[in-house]
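Heads up, the thing below is written out as structure tokens.
The values are calculated or read from the model by the stated rules, or taken from the named source; none is laboratory data. The shown structure was predicted, so the numbers you read here are calculated from the model rather than taken from an experiment. Cβ placement follows ideal geometry from the backbone for every residue including glycine, while neighbour counts extend to all protein chains displayed. Please note that ligands, DNA and RNA were not included when accessible areas were found on the heavy atoms of the full protein model with its side chains. Shrake-Rupley method; radii C 1.70, N 1.55, O 1.52, S 1.80 Å.
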Amino acid sequence: MSIRLLVPLDGSDKDPRALQVADAFARLLDGDLRLIRLLEAPATKVSAGLAILGAVPEPAPAAHADIDRQLRESAAKLSGSGYKVTTDVAAATDVSSELLRRAELDADIVIMATRGPGTVARAFLGSVADIVVRKSSRPVVIVPPGARYGVGNRIELKRVLVPLDGSRMSMAAIDRFLEHAPTGKFEYVLMQAVRQEGTGGHVMPEPVRGSKDRGLSSEGNTVLHVQAEQAETHLHELASRCSARGDIVAVRVVESTDPAGAILAAVRGELVDLIVMSTHGEGGLRRALHGSVANRVARESEVPVFLVTPESAGSSRRPGE
């Protein structure tokens, strides 16, 4: 059964980024694309009543036809790649809610380009992408402004950076991606950023495997960066699982006080094409005050970001599969 890829468009200059990445995913995952354009209907008492009844006022026929033509032209440019492309134009009193509904019913992955507004502005004003990422029951691929490097060209998604933090949620991200990913097609870079430990680290009895290069010996004991050791052990366990699928895997542990910065630096340092990571789904004022690693990465990354939230962390398999 083909992977269903939902691609919301809005007619702006960010659409080519979304289409370029959607094309790469469709070719890689043997997926089908559904290009959708939702037109926001005026929030009047009449439209609110119609929405309750499941009906939404349709846009003007001329506008609808013009947008439908634009979508079909975009689909025609992609249809020669060997996968199915369909289009849909509809009205919605609440675009984000309608996208969430359609993702639940008719998608396995949502692919959206963003304009990357500032955190505080988004906290108070909101954005469709922000709401969909936090509430979607499906993984969402964000294509930020920095990922415009290949617009107009066919891109390949081969080398994948997977930032982990030891939590169940971070593991859910790679689990969801592996459900869809073909075996033997990727190079994974499993990365974990840990807190910098004080000079000398912790003292542990020798021998400790893998500690010689970063430890300092004193009176039969080895001074270790314990968090880094534990993270590396965990990442190697996960690497074995990916290697068993026929994929190439590298492990990286970085000591840093800025996890988001370390991830963004690794994009260039490791020459990756995609980031796969989780977010706890926090939004609004709480995120503005406390920050979010995934939020910053999704805004500033130079490659697409495959995001999994608590809402989309469960198995994506459809009934009957």
Per the list (1) modelled with pLDDT under 70; (2) within 30 Å of Ser12 (Cα to Cα); (3) open to solvent by 30 Å² or more (accessible area, probe 1.4 Å), residue check on Met204 breaks on (2)
Would you pick out the residues in the range 178-195 that are farther than 21 Å from Glu232 by Cα and in a helix (DSSP H, G or I)?
Glu179, His180
Would a scan of the range 13-20 turn up a residue that is outside any strand (DSSP E or B), modelled with pLDDT under 90, open to solvent by 30 Å² or more (accessible area, probe 1.4 Å) and under 26 Å from Leu274 (Cβ atoms)?
yes
Could you please give the count of residues in the range 131-145 that are of a type outside the set (Ser, Thr, Tyr) and open to solvent by 10 Å² or more (accessible area, probe 1.4 Å)?
6
Among the residues of the range 153-176, which ones are closer than 22 Å to Gly246 by Cβ, assigned to a helix (DSSP H, G or I) and open to solvent by 50 Å² or more (accessible area, probe 1.4 Å)?
Asp175
Considering only residues that are open to solvent by 10 Å² or more (accessible area, probe 1.4 Å), outside any strand (DSSP E or B) and more than 22 Å from Val21 (Cβ to Cβ), which ones fall in the range 240-264?
Ser240, Arg241, Ser243, Ala244, Arg245, Gly246, Ser256, Thr257, Asp258, Pro259, Gly261, Ala262
